[in-house]
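Shown next, in structure tokens, is the structure this report addresses.
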Amino acid sequence: MPQTNLITLTDPRAPAAEAYRTLRTNLMFYSVDSPIRTLAITSPVVGEGKSAVLANLAVTLAQGGHETLVVDCDLREPSQHTLWGLENAHGLTDMLLEDAALSEPPVQTVGVERLGVLTSGTLPPNPADLLGSRRMDAVIAALAERAEYVLFDVPPALLFTDAALLGLKVDGLLLTLRAGFSRRDHALRAKEELSRVHVPIIGAVLVNAPRDSVLGNYYARQRR
């Protein structure tokens with residue numbers, strides 16, 4: 001079963017769930033001429049909520065009528081299979097190594113219409129080499145043929161090169177920051193390092209921010 005931090009499923013009327021729907025709208029209208037269809041989501045360091053942000057955004061995209069795929073590209077400490085309560089015997093690494101899996105991706109259903117999850121699969125000894133390979137280009141192309149939106153969960157940008165390598169292959173990259181936890185210098189360094197190699201950063205998401213009291217009162221009335 002999915003974990004409770006998937007607020008878009010457990011409490012879809014909550015302010016946080018509405019914030020994810022706002023994020024969905026901003027993403028869809030980010031660029032009319034060059035729409036964002038493949039998106040990597042990362043954070044500067046560990047513990048800033050990137051995986052939950054990605055999963056909740058994916059839910060809102062699917063609920064909005066868009067075929068959506070979640071892809072766990074964190075081949076170091078994957079978490080999407082845990083978030084969704086899925087087995088992780090097969091996944092992305094199968095597509096990177098096997099032609100059969102490239103043709104028929106081992107995508108799993110999660111009980112949300114139009115939403116599929118490709119877990120990481122067996123962890124390799126060389127994650128960066130795989131994510132930066134030409135084979136990964138083929139994987140992205142194959143997945144983009146199956147869905148309108150493909151969201152890639154990648155390791156923290158300041159710890160590994162994975163985010164930069166994959167960020168160069170997708171339409172855009174989103175940084176996740178956590179209020180009261182993320183450090184300003186970490187966020188600036190992550191932005192600078194990704195921008196230096198021309199990764200298309202489309203913005204940042206702040207999670208765990210204090211709720212506005214006016215909005216909180218409105219939310220409470222709506223739940224009565």
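Laid out as a table, the results:
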quantity: Residue satisfying all of: in the range 59-77; free of Cβ contacts under 8 Å to residues at least 60 places away in the same chain and not hydroxyl-bearing (Ser, Thr, Tyr); surrounded by the most Cβ atoms within 10 Å (Cβ to Cβ) among these; calculated: Val59
quantity: Selected residue (criterion: nearest to Leu194 (Cα to Cα)) from residues of the range 166-182 that are part of a loop (DSSP other than H, G, I, E, B) and at pLDDT below 95; calculated: Ser182
quantity: Scan of the range 83-130 for residues that are of a type in the set (Gly, Ala, Ser), in contact with a helix residue (DSSP H, G or I) (Cβ under 8 Å, 6 or more places away or on another chain), outside any loop (DSSP other than H, G, I, E, B) and buried (at least 16 other Cβ atoms within 10 Å of the Cβ), ordered by number; calculated: Ala101, Ala128
quantity: Top-ranked residue in the range 24-58 [being modelled with pLDDT of 95 or more and of a type in the set (S, T, N, Q); ranked as surrounded by the fewest Cβ atoms within 10 Å (Cβ to Cβ)]; calculated: Thr38
quantity: Qualifying residue in the range 27-43 (condition: assigned to a loop (DSSP other than H, G, I, E, B), among the hydroxyl-bearing types (Ser, Thr, Tyr) and closer than 26 Å to Ser133 by Cβ); calculated: yes
quantity: Cross-chain or 6+ apart pairs with Cβ under 6 Å, the range 187-207 first and part of a loop (DSSP other than H, G, I, E, B), then surrounded by 17 or more Cβ atoms within 10 Å (Cβ to Cβ); calculated: Val197/Ala164; Val199/Ala164; Val199/Gly167; Val199/Leu173; Pro200/Gly172
quantity: Among the residues listed as Val71, Val59, the single one being in contact with an Asp or Glu (Cβ under 9 Å, 6 or more places away or on another chain) and not in a loop (DSSP other than H, G, I, E, B); calculated: Val71
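The values are calculated or read from the model by the stated rules, or taken from the named source; none is laboratory data. All figures in this text were calculated on a predicted structure; none of them were measured in a lab. So basically every Cβ, Gly included, is an ideal-geometry build from the backbone, and we count neighbours across all protein chains shown.
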